[in-house]
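Asks: Before I ask anything, let me first share the structure, which is written out below as structure tokens.
What follows draws every value from the coordinates through simple rules; no lab data is involved. These numbers were taken from a predicted model, which means no experiment stands behind them. Here the Cβ is made from the backbone with ideal geometry for all residues, glycine too, and neighbour counts use every protein chain on show.
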Amino acid sequence: MLPPGGIIGNTRDCTFSDTVDMNGGQLRICWAAFSSEGFQIRTYSYQILQYSPNYGTQITPVTPVGLTTSTIVTGLQLEEHYTYFVKVYATNSAGITGEAQSQNFKIDLVGSGLGGLKTGVVVAICIVVVVIALAIITLIFFRWRYKKQKRAKKEHRGNMKLLKGTMFGLADYAGDPTQKHLDEIRNARELAFLITDLEGSTALSAADPKAFRHIQEIHDAVIREHIASHGGYEINTEGDAFYITCHSFIKLKPDVSYPFPVPRAGATTLMVCVS
């Protein structure tokens, strides 16, 4: 009664290794099923021994495990510099016992100690990778936000440059570039750009052109007075509309939005609109 090939394994995948990694003092033993012609196997047992030239020193007693062909032995204190082997016994229904013996193997306590260390190293590496990934994501986000802010500032400067270019182009074409506040406005970082209009001026001009000319003269005089008092600059005029730039839209607008009485009985009141 022999196990086929006399195979006894001492690793997790039931193969044999001449150097065993003791994981927490555990040793896995597995073997091929024994065969007994005419009889059934009733039980298996195992025994771990330390190798010696004569026979072997018992490490564990003969321990029955039933009909299973593998077991995990715990609480072992095998030493690194000694050689060990395993014996497996099979007893059939007739009470006959046969045995098989494994090859000799040694214990790798260094590798066993590194088992937990390897797990710790893996966890530490994972933490480092996560931290690095978060740092890279944060860096990318801040670089993206910085570039976005830089583009916004560049766009703002471009818009201001375009506005000033338009303003000074109109000034060179229709205005007086030597006007009092032009140099201050030219060097300003921010400008208010305004356009005024007389509400209902089209209807009044058609109804009474003479009266409207009088209204427009008053309108132009008042607007220019406010432009001068608030440090603004008249870029151009078109009909009753003024194109104005100044430092503060808030300072100028409330002062010029008021009614103009029309010098004709029964006429409606006109308003100056600032946009």
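Asks: If you bin every alpha carbon distance in the stretch 38-159 into 10 Å steps from zero, what whole percent lands in each bin?
Replies: Distribution as computed: 10, 22, 17, 12, 9, 8, 7, 7, 5, 2, 0 percent.
Asks: If I model a spin label as a point 7 Å beyond the Cα along the Cα-Cβ vector, how far apart are those points for Tyr82 and Asp208 in nm?
Replies: In this crude spin-label approximation the distance works out to 12.7 nm.
Asks: Another question about this same structure. Give the whole-number value, in cubic angstrom per residue, of the convex hull volume spanned by the C-alpha atoms of the stretch 4-109. Working shown, then result.
Replies: Values: hull volume 10.6 nm³, N = 106.
Taking the convex hull of the Cα positions in the stretch 4-109, it is 100 Å³ per residue.
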